[in-house]
Structure formats: C-alpha cells, structure tokens
1. Calculate the spin-label point distance for LYS110 paired with ASP85, positioning each point 7 Å from the Cα along the beta-carbon direction, and give it in nanometres.
2. Roughly speaking, what is the stretch gain from VAL44 to SER14, that is 0.36 nm per residue apart minus the C-alpha to C-alpha distance, in nm to one decimal?
3. Would you kindly derive the ³J(HN,Hα) couplings of segment 82-90 from the backbone phi angles with the Karplus curve 6.51 cos²θ - 1.76 cosθ + 1.60 (θ = phi - 60°), listing them in order in whole Hz, with x for Gly and Pro?
4. Roughly what would the spin-label model give for TYR29 and VAL136, points 7 Å off Cα along C-beta, in nm?
5. Within segment 2-68, list the chymotrypsin sites (Phe, Trp or Tyr not before Pro) lying in a DSSP loop whose Cβ has at most 15 other Cβ atoms in a 10 Å radius.
6. What lysines sit close enough to LYS113 to cross-link, taking a C-alpha to C-alpha distance under 20 Å and skipping anything fewer than 8 places away on the same chain?
7. Scan (i) -0.52; (ii) -0.90; (iii) -0.57 for the value of log10 I(q)/I(0) by the Debye sum over Cα atoms at q = 0.12 Å⁻¹ calculated from this model and give just the label.
8. Which order results if LYS57, LYS13, LYS110 are arranged by neighbouring Cβ count within 10 Å, fewest first?
Amino acid sequence: MTDLLFTLYPWVKSLHIMAVLSWMAGLFYLPRLFVHHVEQAQSVEGASEIFTMMQGKLLYIIMRPAMIVAWVCGLIIVATPGIVDWTYLWPWTKGAAVISMTGFHIWLAKRHKDFIAGQNTLSGRQYRLMNEVPTVLMIIIVLSVILKF
C-alpha cells in the first residue's frame, strides 16, 4: 500500500491543488452573489429566482464536489508515510483552518436555503464582511504548508 501511495502522490497532490482552487473560487464568489441578491434582486422582477439558481449551481455543482475531492485527496496525502510530521504545529493549524473552511461552506449552504425560503436576514454589508473569512483561512493554510512552522 505504501508503494501505491508514493506512486500516486504527485497525482493526488495535483488533484488536491486543483480541487482547492475550485473550492476557494466558490467560497470567494458565493458571498458576493449573496450581496448582489440582497441589494439588487428587488429592483428587477424575477431576479431573485435567477440569483437563487446561480447560487445553487455554484454551491452544488462546483463547490461541493470540489470540497469533497479536496478532502479526499488531502486525507490520502496525510495517509502517505513521511509527508506529514505531526510533531510540528503546521499540520494542526492547517487542519483547523480546513475544518473552519468546511464550516464556512456549510454556513453558506444554510444561507442559500434561507434565500430559497425567503428568510434571509443578513444585509449586503454583513455578507461583504463574511466574504473575508475564506481569505483569512487561506492565508493560515498557505503559510502553514509553505513555512512548516
């Protein structure tokens, strides 16, 4: 099994990076769609339904599969012997940030359901502020992996 993990490692790592990029793009864009939905949808008839459809496609067709692939590949990388040294702090900070990012993803999915139900209570400003969450988490993850502190 170890030989297989070492053989697949460059492929799994490449797929992991591509999945993370796709997931992050969605995590950056979906809150912006929420901002526009809150601030613009009332001014054009039918716009709310269009925003809701766009949000759903982004969330379920792009973001969710990308998140799953990122997690699966990440766990395979962690299972590859010699890749992660758990005596350092960096795998723990990265792990905490990835779990937080997953929590943010789930939070966004709940907000999408609020829009579907017509029960959104957040403002465009609040969604703009929440849009900074994935940026902070990305910084923690990248610095953890590159600097390996």
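Each reported figure results from applying straightforward, stated rules to the coordinates on display, with no laboratory input. Quick caveat, the model's predicted, so the values are computed rather than measured. Because the Cβ atoms are built from the backbone with ideal geometry, glycine has one as well, and the counts that use them run over all protein chains shown.
1. 3.9
2. So the extension gain works out to 6.6 nm.
3. Coupling constants for segment 82-90: x, 7, 10, 9, 6, 7, 8, 7, 4 Hz.
4. With each label placed 7 Å out from Cα toward Cβ, I get 2.5 nm.
5. On the way: sites: PHE6, TRP11, TRP23, PHE28, TYR29, PHE34, PHE51, TYR60; in loops: none.
Counting only loop positions with at most 15 other Cβ atoms within 10 Å, none of the chymotrypsin sites (Phe, Trp or Tyr not before Pro) in segment 2-68 qualifies.
6. By straight Cα distance, LYS113 reaches LYS57.
7. The calculated read-out lines up with (iii).
8. LYS110, LYS57, LYS13
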